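The values are calculated or read from the model by the stated rules, or taken from the named source; none is laboratory data. In this text the structure is predicted, and so the values were computed from the model without any measurement. Heads up, the Cβs are rebuilt from the backbone with ideal geometry, glycines too, and the neighbour counts pull from every protein chain shown.
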Amino acid sequence: MSGGLVKKAEIHTDWPGLKKKELFEGRDLNSTIDARSIYASAMSTVFEVDFKRIQKEVFLGEDLQNLSDKLFSS
């Protein structure tokens, strides 16, 4: 992500490692953050809509992590 609302250049993830047993299907990095959490956080911040409303109405109540404070300036 880039733009004026992004706090700073950082990587946000859990790092499982590169050993074959830690890779998805033995070859690819595992996804450790649900991309929908990032999308919901971005929409909430950019459109100034409560995260829980985005979570309920756009992502149909999925259990998503609010990353707004970690990713964006207030």
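Condition check for SER31 on (1) exposed (fewer than 14 other Cβ atoms within 10 Å of the Cβ); (2) hydroxyl-bearing (Ser, Thr, Tyr); (3) modelled with pLDDT of 90 or more: one failure, at (3). Which one is nearest to ASP69 (Cα to Cα) among residues in segment 5-19 that are charged (D, E, K, R) and at pLDDT below 90? Within segment 5-19, the match that is nearest to ASP69 (Cα to Cα) is LYS7. Within segment 52-72, if we keep just the residues that are out of contact with any strand residue (DSSP E or B) (no Cβ under 8 Å at 6 or more places or on another chain) and aliphatic (A, V, I, L, M), the residue that is nearest to ALA42 (Cα to Cα) turns out to be LEU67. The condition of being of a type outside the set (Phe, Trp, Tyr) and touching a Pro at 6+ places or on another chain (Cβ under 7 Å) does not hold for ASN66. The criterion of at least 2 residues that are touching a residue at least 40 places away in the same chain (Cβ under 8 Å), of a type in the set (Val, Ile, Thr) and over 24 Å from TRP15 (Cβ atoms) is met, among helices (runs of 4 or more DSSP H) falling completely within segment 27-74, by 35-46.
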